[in-house]
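For reference, the structure discussed in these notes is given below.
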Amino acid sequence: MAEEVIRPALWRRGLRNVALMSGGSVVVLMVLVAVLAPLLAPHDPYSQDLTRRLLPPFWIEGTDPTHLLGTDHLGRDYLSRLIYGARISLGVGFGVVLVSGLIGISLGLVAGYFGGLADMGISFIITTRLSLPIVLVALAAVAFAGASLATLITVLGLLLWDRFAVVSRAAAQSLRSRDFIKGLRAIGAGQVRILFLELLPNMRAALIVVMTLEVANVILLEAALSFLGLGVRAPTPSWGLMISEGRDNILFDPWLTALPGAALCVLVLAVNLLGDGLRDITGGRLK
Amino acid sequence: MTPSLTQILLSGAAVAMLATPVLADKASDTLNVAFSLEPEPLDTYKIAGREGLILARHVYDGLLYKDMDSGTFKGLLAESWSQPDPLTLEFKLRRDVTFHNGAAFTADDVVDTLNTVIKPDYGTRYAISVDWIARVEKVDDYTVRIHMAKPFAGAFEMLAGSLPIYPHAYFDAVGSAGMAKAPVGTGPYRLVSQEPGVKYVLERWDGISPESPKAGAQIKTIVVRTMPELNTQYAELMSGKLDWMWRIPPDQADRLASRVQIVSAPIMRISFLNLAPVAASGDTPLKDLRVRQAVAHAIDRDAITRAFAGGASEVLKAFCNPAQFGCTDAVTQYAYDPDKAKALLAEAGYKDGLSLPMTFAAMPRPVAEAIAADLAKVGITVQLDELQYAAGVSKWRERQAPAFFSNWGSYGVGDVAFLLSNFFGGGADDLVQDAELSGWLHEADTATDPELRKADYAKALSRIADEAWVVPMYSFNVNYGLSKDLSFRPYPDEFARFWQSSWK
Amino acid sequence: MLVYLLRRLAVALCVCVAVSALSFGLMFVVGDPAVAIAGAGGSARDAEAIRHAYGFDRPYVVQYLGWVGHVLRGDFGQSIYFNMPVTEIVRARLPVTAILGGVSFTLALVVAVPLGIVAARKPGGLTDRLALLLAVTGQAVPSFWLGLMAIVVFGVWHGLVPTSGADTWQGYILPVVVLAYSAMPAMMRITRSGMIEVLGTDYIRSAEAKGLPTWQVIVGHALRNAILPLVSLAALQLGVLLSGSIVIESVFALNGLGRLAWESLLRADLPVVQAVILILSLVYVVLTTAADLVNAWLDPRIRGVR
């Protein structure tokens, strides 16, 4: 009964939230672009044509109408690479959050619900993890495991669970003293059942917000690692990698660097707005 | 809207400092030079990088000078020389040479400098430059003898560039660090000020001996600055704040060509793709000659050379630089022909393609990617593995890199002896170990008859081409960006000689 | 307070031990360090000799303790690439990173706190919206890209500032601004939300009712109460800044610790990487511990005094 009353209210608030709606629609658009990349991209993003290198985009003279945004230093269609780049950014973003969320939430739930020694141990792990310089450790791990999409997702997933852990620990702590959980314990419900079927659904809203903000964080980190040459491996069209490839030509062809950077900004901005909006409508108890 | 804050802060900062404009060029007789890499401290004996060595060669002189046009050695601090016995060199020194600090140059300077830098504890960077000297002896004030520790064919090369003479009293007093801090030499320019690694100001030394082959410098002042970002250098070159820069990638050289002078000079270095039939204990598709030939046919070397090398670079017809003695193009050629490549692969049993790990080092990634893309078109899937040069070479030697894409500079020497024997002479880098081939090379390297040498090298190059052990790519060039007023002549040894430059 | 202090220090110490073990372990996750040191052209026998000479054949625990012992004496071992003591290299590079991180942090703080306060005075007002916009974009713009764009616009097109190197103080302008811009949003937001919360309390309302001047209310009362989360976050952000300087240093060709670590990674010079990871981690531990202690001093409830 109560659920039915809350839901429409939530929806109404959502629809009225500018940040949520604008961020959300851009994210949906980007996801569509990523999913439909093979249909949308005018060319194969990997196909090189050394006779048509560094063609300028449509607003600059000397352009080629078949390459709307020009071509890169290997004569690959830039628009197609940008479109496929959305796949990498979003794929890595969601992939990493899947891994890190699983780790972080499990640790946080256990620490927050059981407290005591478990909490001390897990809190210690969180503190240790927070004190590691994340970019450097990720770089080192990728350098040694060999750069590939799978390595990158694993490495970042294993490193970026801290926010999930902190949030779910706090949520679990506040929920464990609530009456319905106490009641379940009293009637002898299994711990696993309480953890995953009762606690988890109750912190759903908070976790979705964290997840969104983490996706943005991961996208930026992937771009930075790829920019430094230790993320996604060429010739994969990652926006971070494209920025670094355009760097040599930045004086004469600044658009090679500007375009992927702009795409990155828009996506991260949209995901952040979506996260902020979600936080606003779900009560904003989180930082 | 957002960067507004950034902009405000920046413009504030910019106004606050208003960088002092650099006075440039012809009008002030100042040559503004930019390097991307920091020159090392200016004691030649401890420098590895080209930037520091170029500066040092303006400040210091050695006993000899190599004339690049005739390939002969001339006296620089020495007037004449002789070889009384195979392990002794005797030099008569010039009498009219003065150091930048006013000290007169005598035999003591030669003896003191060389006897100091040959000591292991001095820490001379390249042992090869000094380890052939046993000791140096003063005969009289203007005669010295170098007693050699071993016969060394490169002795004159070393004396001509790598063994400058320091003023002995000053050198003894201040040591290596002091020399680097305030260099004193006999060269055509003297260093008047430096912020180490950042900025160097050189001024023409008018006290130079008129007999010196380095005499006759025209430009009064040279200002050398380190600017790591090439794009900044382009901008300054175009705006006239810079007169000289180098190592401009071909794409940028093309864009700059209409606004400044671009000079492209060929150098000895060549790039190539090594194919090892024996990598991974013979368990590689490359052990089949047809697969190696298919690789050679699959790569569009013309397009790659045009796109990425540009300038004075040439597509190589054999595994050697055409400028080298012994090089010939009368060997089997592999034209770009993807269909033939596919046919060869099918014949060899790889109808559905194959996968090939390719290591590359010291080559631009785009070139490696272009090769990989060409190979992909005929069904060869390449896994690119970029390594630092040393790591790449060791992987090759350990036979873990069936395909190794890299380059070789032949030590800047115009003779294939310095190229072929390294890769096919039976040494560590020779994975083929063809006894007949290394026999020809050995004979050619040690023979004195040029015709015999040529014939041997031709046989060797034919064998290498027939077996497709190497896919030769292209020769390198260096692009220089010059202001329109500057007249500058590049040399294949990549040493800038500003004492030969002048304003137009 | 003393109990809290000791407990907090004990935790910090344990974290240091864990972090040092992790950075030490890195050397072995990677592969055989002896082979790395033997380098190009090194034979299996060379590697064996090195293994013995460096003591890589001893049990890990013994090696770890030995390493820690040296580190405690300020000896991080020998760089494989430079062939000189890591401590010397690090000491030469540390000032650049310290200046970059310190100045960026100060700039971010100096911009974020007043902006947060002003924004909080009228939530939803024009200033607030602009401040939030600045924050939202600051969080979305990749700093390395912003750095490159700044180089082109301010350095190359207009020639206002040096684009790389830290040989003059002008060389720090762009990297500091770019780095500060990425650290500012979080601090601005937390100041703003803290201030909004405090300004809404009866306590402040009564202070205002008493006729105290606005700035006095804000600085004397509200800010004091809103500062706790800011202190914790600031420590965190300084850590983030140090980590972020890796990317910025490589963009602006600054010879700091971050660039050193990155280049060392590419050259497989592990002792240097280990040292930098450990140093950055320790800096972070010190900062967060200090922040906690400051907070405990500011707010007695934290130390368990009820």
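What the table shows:
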| quantity | calculated |
| --- | --- |
| So residue C:114, is it within 18 Å of residue C:230 (Cβ to Cβ), assigned to a loop (DSSP other than H, G, I, E, B) and of a type outside the set (S, T, N, Q) | no |
| Positions within segment B:161-217 being charged (D, E, K, R), within 23 Å of residue B:108 (Cβ to Cβ) and surrounded by fewer than 20 Cβ atoms within 10 Å (Cβ to Cβ), in sequence order | B:172, B:181, B:211 |
| Residues (among the acidic types (Asp, Glu) and at pLDDT below 90) located in segment B:23-50 | B:25, B:38, B:40 |
| Number of the exception - residue C:124 against (1) under 30 Å from residue A:273 (Cα atoms); (2) at pLDDT 85 or above | (2) |
| Residue match in segment A:138-156 (condition: in contact with a Phe, Trp or Tyr (Cβ under 7 Å, 6 or more places away or on another chain), over 18 Å from residue A:210 (Cα atoms) and modelled with pLDDT under 95) | yes |
| Which listed residue, of C:261, C:226, is within 12 Å of another protein chain (Cβ to nearest Cβ), open to solvent by less than 10 Å² (accessible area, probe 1.4 Å) and not in a loop (DSSP other than H, G, I, E, B) | C:261 |
| Residue in segment B:428-449 that is of a type in the set (A, V, I, L, M), in contact (Cβ under 8 Å) with a residue 24 or more places away in the chain, part of a loop (DSSP other than H, G, I, E, B) and buried (at least 16 other Cβ atoms within 10 Å of the Cβ) present | yes |
| Some residue of segment A:227-237 being closer than 30 Å to residue A:171 by Cα, away from chain C (no Cβ under 11 Å), touching a helix residue (DSSP H, G or I) at 6+ places or on another chain (Cβ under 6 Å) and open to solvent by 10 Å² or more (accessible area, probe 1.4 Å) | no |
| Any pair with Cβ under 6 angstrom, 6 or more apart, that starts in segment A:248-260 at a residue that is within 13 Å of chain B (Cβ to nearest Cβ) and over 15 Å from residue B:251 (Cα atoms) and ends at one that is open to solvent by less than 30 Å² (accessible area, probe 1.4 Å) and assigned to a loop (DSSP other than H, G, I, E, B) | A:257/A:250 |
| Which numbered condition residue C:278 misses (of (1) within 14 Å of chain B (Cβ to nearest Cβ); (2) touching a residue at least 12 places away in the same chain (Cβ under 8 Å); (3) not charged (D, E, K, R)) | (1) |
| Those residues of segment B:230-240 which are touching a residue at least 40 places away in the same chain (Cβ under 8 Å) and surrounded by 19 or more Cβ atoms within 10 Å (Cβ to Cβ), in sequence order | B:230, B:233, B:234, B:236, B:237 |
| Residue, nearest to the other protein chains (Cβ to nearest Cβ), within segment A:145-171, restricted to residues that are of a type in the set (S, T, N, Q) and open to solvent by 20 Å² or more (accessible area, probe 1.4 Å) | A:148 |
| Meets criteria (closer than 27 Å to residue A:89 by Cβ and assigned to a helix (DSSP H, G or I)) for residue A:166 | yes |
| Residue in segment A:46-65 that is touching a Pro at 6+ places or on another chain (Cβ under 8 Å), among the aromatic types (Phe, Trp, Tyr) and within 14 Å of chain B (Cβ to nearest Cβ) present | yes |
| Filter result for the condition that a residue is crowded, with 22+ Cβ neighbours inside 10 Å and hydrophobic (A, V, I, L, M, F, W, C), over C:110, C:118, C:176 | C:176 |
| Any hit, segment B:241-251, residues being over 15 Å from residue B:486 (Cβ atoms), outside any loop (DSSP other than H, G, I, E, B), away from chain C (no Cβ under 11 Å) and without any contact (Cβ under 8 Å) to a residue 60 or more places away in the chain | yes |
| Qualifying residue in segment C:138-159 (condition: part of a loop (DSSP other than H, G, I, E, B), under 30 Å from residue A:227 (Cα atoms), at pLDDT below 85 and open to solvent by 30 Å² or more (accessible area, probe 1.4 Å)) | yes |
| Inter-residue pairs, beta-carbon under 8 Å, first open to solvent by 30 Å² or more (accessible area, probe 1.4 Å) and in segment C:66-79, second in a loop (DSSP other than H, G, I, E, B) and of a type in the set (A, V, I, L, M), 6+ apart | C:78/C:84 |
| Residues of segment B:251-276 that turn out to be in contact with a Pro (Cβ under 9 Å, 6 or more places away or on another chain) and open to solvent by 20 Å² or more (accessible area, probe 1.4 Å), as a count | 4 |
| Any chance residue C:224 is at pLDDT 80 or above and either touching a His at 6+ places or on another chain (Cβ under 9 Å) or of a type in the set (Lys, Arg) (or both) | no |
| Qualifying positions in segment A:199-252 - within 23 Å of residue A:109 (Cα to Cα) and of a type in the set (Asp, Glu) | A:214 |
| Members of segment A:119-144 that are at the interface with chain C (Cβ under 7 Å from one of its Cβ atoms) and among the aliphatic types (A, V, I, L, M) | A:132, A:134, A:135, A:136, A:137, A:139, A:140, A:143 |
| Test: residue in segment B:477-496 that is in contact with a Ser or Thr (Cβ under 6 Å, 6 or more places away or on another chain), within 30 Å of residue B:288 (Cα to Cα) and in contact (Cβ under 8 Å) with a residue 24 or more places away in the chain | no |
| Some residue of segment C:208-216 being over 16 Å from the mean Cα position of the chain (by Cα), on the phi > 0 side of the Ramachandran plot, open to solvent by 40 Å² or more (accessible area, probe 1.4 Å) and more than 10 Å from every other protein chain (Cβ to nearest Cβ) | yes |
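To keep it simple, each residue is scored yes or no on (1) over 26 Å from residue A:20 (Cβ atoms); (2) of a type outside the set (A, V, I, L, M); (3) within 14 Å of chain A (Cβ to nearest Cβ); (4) part of a loop (DSSP other than H, G, I, E, B).
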| position | (1), (2), (3), (4) |
| --- | --- |
| C:103 | yes, no, no, no |
| C:186 | no, no, yes, no |
| C:190 | no, no, yes, no |
| C:195 | no, no, no, no |
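Okay, residues lined up against (1) within 14 Å of chain C (Cβ to nearest Cβ); (2) charged (D, E, K, R); (3) assigned to a loop (DSSP other than H, G, I, E, B):
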| residue | (1), (2), (3) |
| --- | --- |
| B:177 | no, no, no |
| B:209 | no, no, yes |
| B:219 | no, no, yes |
| B:228 | yes, no, yes |
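The values are calculated or read from the model by the stated rules, or taken from the named source; none is laboratory data. Because the structure is predicted, anything quoted here is derived from the model rather than measured. Every residue, glycine among them, receives a Cβ derived from its backbone with ideal geometry; neighbour counts consider all protein chains shown. In case anyone asks, the SASA skips ligands and DNA or RNA and just uses the protein heavy atoms, side chains included. Shrake-Rupley method; radii C 1.70, N 1.55, O 1.52, S 1.80 Å.
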